[in-house]
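The values are calculated or read from the model by the stated rules, or taken from the named source; none is laboratory data. It should be emphasised that the depicted structure is a prediction, and the values quoted were computed from it without experimental measurement. Counting neighbours? That spans all protein chains shown, and the Cβs are built from the backbone with ideal geometry, glycine included.
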């Protein structure tokens, strides 16, 4: 990024003054702190106000990414990327040209199973949206793993307090920063679209039900959200205890008394971050088999910051009544193979899920996945259980209170189909962010289908950007209701279907009627 020479790139924000740079006709500011470093006494505490600085702070480089395992269950950052607990920073991209009116703002939350990922993981992310759509793009880091998504409140003591939902609280703090500071970049704080994918999708559907997030965004786009991956405090308390035992093994502290809050607090606060990360990976690897269908690193229903299960809030109209685009990919579960497999896809995990319901409902649902538990139908079963069916429940419930548009992303380059992934989890990111011209994108398109995939991405961007500006989409994309269930299928040629896979949806309804 170009060295700052223009005074116009200096912006006064919470904490002090920052100086950005120019790249590809865009103004960019990187590594801006939106909260104090959550280190020392602030580990496992809610985000604190930004520490002010003197003079002009360079905002030319990304900040350190959240502490995470480089060689864990999921692909972590390369060795050239700095990881740190001091990670609460964000980035702003704005068109270089001045605007007569404040610009619409799009705030992106990255995915990564709440254990990996960052605001820098996809090069040039958001640049195309800012250029094509004349919007301001913001993305940010938030705490991951045990530091952000395990609930240690049971180990609080009078002198040392632990708080819940830290990653979720970070996200609210980032949105509050946007509300307070985006006018300085030419953005409209009253026209913010919040969007995210996977864990980021779970974040945005959950934030729609967090009371303190009310008014911080005008509309939402949820891509491949697992919206029911939010758990009661009694379950997360058990996971916290299990994690403490794993952490004790990592630091070789066999003397730790797991029943003592004081000793537990000592262990959590004194452990090196590397030990915390390694214990997190071990926790992730065991949870899918110990508690099939769950993901241990997720928000907790704490009765305060997150008062109820999001799906219940959507059902009763207590979610923020903002317009919503929501959807999933055709075969979400096909990505989760081998070490990546955290879904209900193995015979034992599927049996555990089936044991929760009546025989008649099990038989009807099994008929929707011929050959189960063979790999392909098992992948589809696990993906539908985690992503597709609960996403439908969000859409049908929220549609009673606000406009909803539903999509399914079906297109995939031929090589991706040949490998058996099809339109799998995360594939739409390469279309939406126009990443088919890099080396990986060209490889995916080596056997054909690259041009059609890029055109589908261009159509997605047009709808996403139009929605970000005024809450509308192309007139060919009707709204979704629980009576019509009209869904746009994003493919070589987009089409609208009414209640696609309706028989499967009804089988799931009987199988898990209270989701």
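Taking residue 515 as the residue in question, decide whether it is under 23 Å from residue 335 (Cβ atoms) and at pLDDT below 95.
yes
Return the residues of the range 339-355 that are assigned to a helix (DSSP H, G or I) and either surrounded by fewer than 22 Cβ atoms within 10 Å (Cβ to Cβ) or within 18 Å of the chain's Cα centre (by Cα) (or both); say none if nothing qualifies.
339, 340, 347, 348, 351, 352, 353, 354
Check the range 167-176 and report whether any residue there is touching a helix residue (DSSP H, G or I) at 6+ places or on another chain (Cβ under 6 Å) and more than 25 Å from residue 113 (Cβ to Cβ).
No, the range 167-176 contains no residue that is touching a helix residue (DSSP H, G or I) at 6+ places or on another chain (Cβ under 6 Å) and more than 25 Å from residue 113 (Cβ to Cβ).
Of all residues in the range 67-92 being touching a helix residue (DSSP H, G or I) at 6+ places or on another chain (Cβ under 7 Å) and not in a loop (DSSP other than H, G, I, E, B), which is farthest from residue 109 (Cα to Cα)?
That would be 92.
Is it true that some residue in the range 110-132 is closer than 30 Å to residue 437 by Cβ, more than 21 Å from the chain's Cα centre (by Cα) and in contact (Cβ under 8 Å) with a residue 12 or more places away in the chain?
Yes - at least one qualifying residue is present in the range 110-132.
Taking the conditions exactly as written (on the phi > 0 side of the Ramachandran plot and either crowded, with 18+ Cβ neighbours inside 10 Å or in the same structural domain as residue 200 (by TED's automatic domain parsing) (or both)), does residue 422 satisfy them or not?
yes
Only one of these is farther than 29 Å from residue 39 by Cβ and either touching a helix residue (DSSP H, G or I) at 6+ places or on another chain (Cβ under 9 Å) or free of Cβ contacts under 8 Å to residues at least 40 places away in the same chain (or both): 220, 210. Name it.
Residue meeting the stated conditions: 220.
Provide a single number: the residues in the range 216-252 that are closer than 22 Å to residue 402 by Cβ and out of contact with any strand residue (DSSP E or B) (no Cβ under 8 Å at 6 or more places or on another chain).
Of the residues in the range 216-252, 3 are closer than 22 Å to residue 402 by Cβ and out of contact with any strand residue (DSSP E or B) (no Cβ under 8 Å at 6 or more places or on another chain).
Any residue in the range 96-105 that is within 19 Å of the chain's Cα centre (by Cα) and either surrounded by 24 or more Cβ atoms within 10 Å (Cβ to Cβ) or at pLDDT below 95 (or both)?
Within the range 96-105, one or more residues are within 19 Å of the chain's Cα centre (by Cα) and either surrounded by 24 or more Cβ atoms within 10 Å (Cβ to Cβ) or at pLDDT below 95 (or both).
Any residue at all in the range 321-338 that is in contact (Cβ under 8 Å) with a residue 40 or more places away in the chain, loosely packed, with under 14 Cβ neighbours inside 10 Å, in the same structural domain as residue 194 (by TED's automatic domain parsing) and in a helix (DSSP H, G or I)?
No, the range 321-338 contains no residue that is in contact (Cβ under 8 Å) with a residue 40 or more places away in the chain, loosely packed, with under 14 Cβ neighbours inside 10 Å, in the same structural domain as residue 194 (by TED's automatic domain parsing) and in a helix (DSSP H, G or I).
For the structure I just gave you, tell me whether residue 446 is in contact (Cβ under 8 Å) with a residue 60 or more places away in the chain and assigned by TED's automatic domain parsing to the domain that holds residue 131.
no
Within the range 106-162, work out how many residues are in contact with a helix residue (DSSP H, G or I) (Cβ under 6 Å, 6 or more places away or on another chain) and under 26 Å from residue 269 (Cα atoms).
The number of residues fulfilling the criteria is 19.
With the checklist (1) surrounded by 14 or more Cβ atoms within 10 Å (Cβ to Cβ); (2) touching a residue at least 12 places away in the same chain (Cβ under 8 Å) in hand, flag the one item residue 49 doesn't pass.
The number of the failed condition is (1).
Checking residue 257 against (1) touching a strand residue (DSSP E or B) at 6+ places or on another chain (Cβ under 8 Å); (2) at pLDDT below 95, which test does it fail?
(1)
Need the failing condition index for residue 473 against (1) closer than 27 Å to residue 134 by Cβ; (2) assigned to a helix (DSSP H, G or I); (3) touching a helix residue (DSSP H, G or I) at 6+ places or on another chain (Cβ under 6 Å), just the number.
(2) is the only condition that residue 473 fails.
Out of 279, 313, report the one residue that is in a helix (DSSP H, G or I), in contact with a helix residue (DSSP H, G or I) (Cβ under 8 Å, 6 or more places away or on another chain) and either surrounded by fewer than 20 Cβ atoms within 10 Å (Cβ to Cβ) or at pLDDT 95 or above (or both).
279
Among the candidates 133, 128, which residue alone is out of contact with any strand residue (DSSP E or B) (no Cβ under 8 Å at 6 or more places or on another chain) and surrounded by fewer than 24 Cβ atoms within 10 Å (Cβ to Cβ)?
The conditions single out 128.
For (1) over 19 Å from residue 145 (Cβ atoms); (2) in the same structural domain as residue 342 (by TED's automatic domain parsing), each residue gets a yes or a no:
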site: 202; (1), (2): no, yes
site: 219; (1), (2): yes, yes
site: 227; (1), (2): yes, yes
site: 239; (1), (2): no, no
site: 247; (1), (2): no, no
site: 276; (1), (2): no, no
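Among (1) modelled with pLDDT under 95; (2) in a strand (DSSP E or B), which single condition is residue 28 missing?
Answer for residue 28: the failing condition is (1).
Being assigned to a loop (DSSP other than H, G, I, E, B) and either at pLDDT below 95 or buried (at least 21 other Cβ atoms within 10 Å of the Cβ) (or both), is that true of even one residue in the range 198-205?
yes
Identify the residue in the range 157-176 that is touching a strand residue (DSSP E or B) at 6+ places or on another chain (Cβ under 7 Å) and part of a helix (DSSP H, G or I) and, among all such residues, is farthest from residue 99 (Cα to Cα).
The selected residue is 171.
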